[in-house]
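J.: Next up is a structure, given as structure tokens.
The values are calculated or read from the model by the stated rules, or taken from the named source; none is laboratory data. Worth saying up front: this structure is predicted, and the values here are computed from it rather than measured. Methodologically, a virtual Cβ is constructed for each residue, glycine included, from the backbone with ideal geometry; neighbour enumeration extends over all protein chains shown. Side chains are part of the model used for accessible areas, which takes the heavy atoms of the whole protein and leaves out ligands, DNA and RNA. Shrake-Rupley method; radii C 1.70, N 1.55, O 1.52, S 1.80 Å.
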Amino acid sequence: MASLKEKIGYALGDAAAGGITWKIMSIAFPLFFTNVFGLTFADAGALMLIARMFDVVTDPLMGSLADRTQSKWGTYRPWLIFGAVPLGIIFALLLYTPDFGPSGKRIWAYSLYLLMMVAYTAVNVPYGSLLGVMTDDDNEKNQFSSFRMVGAYAMGFITLLSFPYIIDFIGGEKEIVNGVEGYTTAAKQHQYAVIGVIFGILAAAGTLACGLMTKERLKPVRAEKFSFKQFADLFRNKPWIYLTLIGVCTNFFNGFRYAVAGYMFEYCLKGDVTISGLIINYTVFMAFGEVTCMIFGGLSPKFTQWVGSKKKAFIWAAVICLVFSIVFFFVPMNPSYMWLMVTLVVLTSVGIGLYSPLLWSMYADVADYATEKNGTSSTGLIFSSGTMAQKFGGAISGSLIALLLGLAGAHMIQDDFGNPTIDPTSITDSVLTMVWSLFSLFPAIFAGLIIILTRIYPIKK
């Protein structure tokens with residue numbers, strides 16, 4: 001029987017990975033790379049696309065490597081213990097803007113982003129795989145998954161809510177552009193560099209704590225020799241195929257919303273909105289969803305018991321996401337409707353909170369199914385597909401947003417200092433409609449796909 005301390009330790013792993021590094025990469029990086037770092041829409045889109053193609057190779061290899069690891073710390077825990085510090089350092093460097101020319105900055109961004117993906121893979125694939133060796137009790141797996149999601153969303157809430165206040169605390173020189181006061185590009189670059197250091201330290205600490213506080217009780221049935229048969233077996237595993245597609249769709253759903261939120265506030269709502277002394281920018285706006293996901297992630301095991309199965313619970317959660325995403329599209333682009341927008345984000349997040357723990361618990365079910373069918377454990381390999389789906393959906397959606405905004409008419413110009421910046425005159429009604437749709441209608445399409453795929457997912461636990 002796992003202790004509360006161990007469940008909290010496991011939660012700290014996703015508080016670091018999902019609540020800090022991935023949350024900032026999902027919501028802040030698209031805007032950071034184009035508006036602060038100085039990449040063009042095309043460069044930012046290509047960067048995320050190339051990184052995802054890279055992950056298609058590295059994630060499964062990492063899963064296979066983790067499955068064969070043997071040490072006094074266990075099979076999966078050593079990757080967290082020794083990967084924590086490199087993860088934090090690379091994350092901090094990625095938010096630093098060097099004083100290079102366009103080519104040098106492009107090389108820096110591409111190199112550091114790919115390194116970040118390697119570091120994230122080396123930590124997060126073994127982290128997810130831990131669930132398969134900490135317990136063989138299905139209810140306890142659901143509890144660990146629930147703690148994981150609560151940790152991720154609680155830290156995500158803290159990260160997003162604190163973001164604008166940390167920026168204001170760091171401060172810097174301001175300027176007035178088109179009648180709106182804001183920080184200069186140099187000030188923003190310094191702010192993000194400091195934020196990288198702060199959250200890099202927190203991410204490293206959370207990852208290390210997770211590795212030290214958890215236990216591996218089950219010994220995997222190892223396939224000691226590497227074989228491509230394991231990869232071939234995956235594609236004969238129907239539950240894995242369907243669940244991987246579901247995972248990609250859930251991350252496209254979240255990826256579009258998080259990646260476009262910054263553009264939505266900057267262009268559709270004309271900047272931050274202050275209500276009763278509360279600064280609501282794009283990170284705070286999404287933080288309302290994070291706290292909702294935290295609450296309903298904790299309630300997910302009870303909800304699953306109530307409806308009768310993980311499969312039914314997942315479908316109902318996706319229906320909630322579908323309905324309220326569509327409703328959001330019809331809200332006027334006006335700050336006076338801010339509380340209605342917040343309400344719809346909260347209601348949508350009820351569905352996200354309910355299905356998020358289920359996804360990882362279902363990966364554990366698929367890993368058990370594969371072990372029974374093939375005779376050897378491929379837990380790390382199977383969980384790596386969950387991490388790959390997360391990064392693939394999150395970054396491809398970010399890449400598509402950059403490309404779609406460009407197609408809608410937004411384009412880059414050079415400012416007085418020669419840095420690429422978005423031409424304010426290119427933000428037309430078609431661009432605004434595209435931004436609004438990317439936050440609402442595009443995610444709704446993927447919620448519909450989730451419902452269809454879950455209905456034909458064969459495991460009925």
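J.: I need two numbers for the chain: Rg to one decimal and Dmax as a whole number, Cα atoms only, in Å.
T.: According to the Cα coordinates of the chain, Rg and Dmax are 21.3, 67 Å.
J.: Okay, next question. Is there a pair in Lys7/Lys219; Lys23/Lys310; Lys105/Lys188; Lys23/Lys460; Lys23/Lys188; Lys23/Lys141 whose C-alpha atoms are over 21 Å apart, and which pairs would that be?
T.: Those over the limit are Lys23/Lys310; Lys23/Lys460; Lys23/Lys141.
J.: So what is the relative contact order for the stretch 1-113, in percent, with contacts set as C-alpha pairs under 8 Å and at least six apart?
T.: Contact order relative to length: 23 percent.
J.: Now for a different question. Output the 0 to 90 degree angle, nearest 10, between the alpha-carbon long axis of helix 441-456 and the longest principal axis computed from the alpha carbons of the chain.
T.: 10
J.: If we restrict to alpha carbons, what Rg and Dmax does the stretch 31-155 come to, in Å?
T.: Using the Cα atoms of the stretch 31-155, the pair Rg, Dmax is 17.5, 56 Å.
J.: Ok, one more. Using helices alone, I'd like the mean residue ellipticity at 222 nm for the chain: each DSSP H run of four-plus residues gives -39500 (n - 2.57), total over residue count, nearest 500.
T.: -25000 deg cm²/dmol
J.: For the stretch 1-53, report the translational diffusion coefficient in µm²/s to the nearest whole number, using Stokes-Einstein at 25 °C, 0.890 mPa s, and a Kirkwood Rh over Cα pairs.
T.: 187
J.: Compute the helix-to-body angle for 41-67: its Cα long axis versus the longest principal axis of the chain, expressed 0 to 90° and rounded to tens.
T.: 20
J.: For Arg68 and Ile279, compute 0.36 nm times the residue count separating them, minus their Cα-Cα distance, and round to one decimal in nm. Display every interim value, and only then the final one.
T.: Values: separation 211, 0.36 × 211 = 75.96 nm, distance 4.88 nm.
Between Arg68 and Ile279, full extension yields an extra 71.1 nm.
J.: Can you order the peptides 135-148, 425-438, 355-368, 96-109 by their average number of other Cβ atoms within 10 Å per residue, highest first?
T.: Working: 135-148: 19.6, 425-438: 17.4, 355-368: 25.3, 96-109: 14.6.
Packing proxy ranking, top to bottom: 355-368, 135-148, 425-438, 96-109.
J.: Shifting gears a bit: With everything on Cα atoms, drop me the angle between helix 379-408 and the longest principal axis of the chain, reported from 0 to 90° to the nearest 10.
T.: Rounded to the nearest ten degrees, it is 20.
J.: I would also like to ask the following. Given Cα pairs under 8 Å that are at least 6 residues apart, what percent is the relative contact order of the chain?
T.: Relative contact order of the chain: 29 percent.
J.: Please compute the per residue accessible area over the stretch 17-173 with all protein chains in place, 1.4 Å probe, rounded to a whole number of Å².
T.: On a per-residue basis, 33 Å².
J.: Could you state the accessible area per residue of the stretch 236-359 in Å², with a 1.4 Å probe and every protein chain left in place?
T.: For the stretch 236-359, the per-residue accessible area is 36 Å².
J.: Over the Cα atoms of the stretch 69-108, how large are the radius of gyration and the largest Cα-Cα distance (Dmax), in Å?
T.: 16.1, 47
J.: Sorting check: for 24-30, 326-332, which peptide has the highest mean count of neighbouring beta carbons within 10 Å, and how do the rest follow?
T.: The packing order, highest mean first, is 24-30, 326-332.
J.: In the chain, what percent of the accessible surface is made up of carbon and sulfur (1.4 Å probe, ligands and nucleic acids excluded)?
T.: 68
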